[in-house]
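The values are calculated or read from the model by the stated rules, or taken from the named source; none is laboratory data. Not measured: the values here are computed from a predicted model. Here the Cβ positions follow ideal geometry from the backbone for every residue, glycine too, while neighbour counts run over all protein chains shown. Heavy atoms of the whole protein, side chains included, go into the accessibility calculation; ligands, DNA and RNA do not. Shrake-Rupley method; radii C 1.70, N 1.55, O 1.52, S 1.80 Å.
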Amino acid sequence: MSRTIKEILNHYNLSYTTDKVGNIYCTKGNADLYPTMVAHIDTVHDINDNVVIQTIGTKYYAFDKVKMQQYGIGGDDKVGIFITIMCLLHYDNFKAVFFVDEEVGCIGSSAADHSFFNNSTIVLQCDRRGDTDFVTKIANVVLCNDDLLNVIRPILTHYERKEVTGGLTDVKTIAMHNDVQVANMSCGYYNPHTDYEYIDMWDVYDTLAMCKEIFDATSHKRFTITDRIEAYSWTFNQPNTYYNYYNYNRHLYKPSQSLQNNPIKDINDDFDDDIIDFDSDIPTESTCKLCNAITHLDPYLDDYYCYDCQAYDYETIKYIS
């Protein structure tokens, strides 16, 4: 994907730079302020040379032609890359960053040059499943406030988007290092991180149109925010052993003392190539008690996982978010 992105930028004579971890930065035009988008280059699916793409109406599916079964298409985040490039080509003045290694803990955006966003009007990211959500907060980090939302709410209403709390992605890292207002949104891929992932191009182009309207409506100034952190309204419950999200992303977060005092089990210890069977009577989906999103049974951990708030639901409903 890095090579493909660079080939596209070269084709359109757009200059870019890369940093030591592989992030790609592109600035188009010469202006005081730039609308800005980011996307991540990596995907969770293994490289599979047997995959072919099939379309049914506006929906795109990937299939393994050897195993004769569906395979993840990589819409997370190739859709985001596509929309970012389309906006980059549309505007005379625009900034874009393509981050590496978002799926393993926002490594690329954590190592990025965050001064790049000092002259951004706003920063948008298209890295969320479905077609309904506009993410204004991740965990207890506020991405944008009414200063921005009052300007763009008529647009969100027109495109039937709801303001929600979402899961970890690169704009949260930007928000922790820069005062620019940011947001993430649904963009037309479905069932991410599974072999049943697909893309609906109708929703992709709908999201692209919405992004352009948002950028046009916010071109007059730089939207900033000072009060980023909200206090949590919930606490951790007496854990004994954690599959510790903080430990998994320890380059980003330092666990609280209460977590450090409990045995830590590295999440990677439970991952292998074996097929793990689980009781067929157990439902494959549940509801997250923290954010009410649909959670999915993770056969590796024998537990439900919420992609929205990165929470595991243990027997007594304990959370790591």
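Residue 118 label point, 7 Å along Cα→Cβ, cut-off 14 Å on backbone N: hits in the range 177-198? Hits in the range 177-198 for residue 118 at 14 Å: 178-180.
Tally up the carbon and sulfur contribution to the accessible surface of the range 1-127 as a whole percent, 1.4 Å probe, everything protein left in place.
On the way: 2850 of 5900 Å².
Whole-percent figure for carbon plus sulfur exposure: 48.
Here residue 208 sits with roughly 10 square angstrom of accessible surface, probe radius 1.4 Å. With a cut-off of 12 Å between beta carbons, the residues surrounding residue 114 carry a summed charge of -4, where Lys and Arg count +1 and Asp and Glu -1.
In the structure shown, do any of 6/162; 65/95; 59/212 have a Cα-Cα gap over 32 Å, and if so which? Walk me through the numbers before you get to the answer.
Working: 6/162 34 Å; 65/95 39 Å; 59/212 23 Å.
Going by Cα-Cα distance, 6/162; 65/95 fall outside the 32 Å limit.
Remark: the range 143-195 carries 37 Å² of accessible area per residue (probe radius 1.4 Å; ligands, DNA and RNA excluded).
Less than 14 Å Cβ to Cβ from residue 202, Lys/Arg counted +1 and Asp/Glu -1: what total charge do the surrounding residues give? Please report the intermediate quantities before stating the final value.
Working: positive: 59; negative: 131, 160, 200, 203, 206.
Spelling it out: positives minus negatives among the neighbours equals -4.
Sequence-ordered 3J(HN,Hα) estimates for the range 81-88 from the Karplus curve with 6.51, -1.76 and 1.60 and θ = phi - 60° stand at 4, 4, 5, 4, 5, 5, 5, 4 Hz, glycine and proline given as x. Across 179, 42, the residue with the most accessible area heads the list, and the full order at a 1.4 Å probe is 179, 42.
Counting only other residues whose beta carbon sits under 10 Å from that of residue 33, what net charge do I get with K and R as +1, D and E as -1? Intermediate values should be presented prior to the final figure.
Values: positive: 95, 221, 222; negative: 32.
With Lys, Arg at +1 and Asp, Glu at -1, the neighbours total +2.
Ordered from largest to smallest accessible area (heavy atoms of protein chains, 1.4 Å probe), the residues 146, 76 come out as 146, 76. Between the range 7-55 and the range 74-93, the alpha-carbon centres lie 8 Å apart. Spacing of the modelled spin labels on residue 32 and residue 47, each 7 Å from Cα toward Cβ, amounts to 4.7 nm. Ratio of Rg to Rh for the range 67-145: 1.00 [Cα atoms; Kirkwood radius as inverse mean 1/r over pairs].
May I ask you to rank 177, 158, 40 by accessible area, largest first, using a 1.4 Å probe over the protein chains only? Kindly include the intermediate steps, with their values, before the conclusion.
On the way: 177 110, 158 130, 40 0 Å².
Largest accessible area first, the list is 158, 177, 40.
Taking only protein heavy atoms and a 1.4 Å probe, the accessible area of the range 171-218 is 54% carbon and sulfur.
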